[in-house]
Amino acid sequence: STMASYLKGGVIHMPEEYRKHPLFSQLNVMMDAKSFWDVQVELRGKSIGMNGFLLSLLSPVIRNSLSGERDQENSNVQRQVSLSDFDEDTFRKVVALACSNPGGAVVSGKDDILELSRLADHLGIVGARDVLLDIATRVKEAAELASAEQAILEANKELASLKAQLEIANSKVPVVSRPFDLRTLAR
């Protein structure tokens, strides 16, 4: 797949084979169903409710965190996942991508894509991470190409300016009407 198939109009989507799988439509329902929220996700400046089963399916890191935390005597206690290095918007976008949400993840630029890929990598959400890293790499290559093209345009302008200056300087050099003869200098 190419970046164009993942990123269209500032919205990232997972590859088509993910989006077409019937399981993903169910994941999206579970993601938004508040009645299934049994985990508090501690993010930068905010705590949000989420479905622990869904998060465990998506992320081996969260699965390990939640499975080690289960206390049989206190099964009614809300479980927590700490991701305080990330904000709610980034977290929701990565979860939406991992669930192949039809709305995808709206991104505002390279930094946004890199932050999403950093969280997907941190959580071990391989599919989303790979798509995001592919896009980030291609965006970087495109930016480097645009920068190189700009440098070539600037160099061509400089060259044209130097050429014009040389033509002006050459036009001011007196033209010798007769051939130059070294013997005339000896006299």
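The values are calculated or read from the model by the stated rules, or taken from the named source; none is laboratory data. On a predicted model such as this, the values are computed, not experimentally measured, just so you know. Cβ atoms come from the backbone with ideal geometry, glycine included; neighbour counts cover every protein chain shown. These area figures cover heavy atoms from the full protein model, side chains too; ligands, DNA and RNA do not enter into them. Shrake-Rupley method; radii C 1.70, N 1.55, O 1.52, S 1.80 Å.
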- Task: Grab the beta carbon distance between ASN156 and LYS8, set R0 = 30 Å, and tell me the FRET efficiency rounded to 0.05.
- Result: 0.35
- Task: List, in the order given, every pair from LYS8/LYS140; LYS8/LYS110; LYS8/LYS46 whose Cα-Cα distance in the structure shown is over 18 Å.
- Result: LYS8/LYS46
- Tell me, what HN-Hα J-couplings in whole Hz come from the Karplus equation 6.51 cos²θ - 1.76 cosθ + 1.60 at θ = phi - 60° for each residue of the stretch 44-51, using x for Gly and Pro? 4, x, 7, 10, 10, x, 8, 7
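So, with a 1.4 angstrom probe, what is the percent of accessible area on the stretch 89-152 that is carbon and sulfur?
Details: 1700 of 3010 Å².
Carbon and sulfur atoms account for 56 percent of the accessible area of the stretch 89-152.
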- Under 5 Å from the placed amide H of ARG79, counting only residues 5+ away or on other chains, we find GLN40
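Dividing the convex hull volume of the Cα atoms of the stretch 93-173 by its residue count, what figure in Å³ per residue is obtained? Let's see the in-between values first.
On the way: hull volume 7.4 nm³, N = 81.
Spelled out: Cα convex hull of the stretch 93-173, divided by residues, is 92 Å³.
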- Sorted by mean Cβ packing within 10 Å, highest first, what order do the peptides 149-158, 34-43 take? 34-43, 149-158
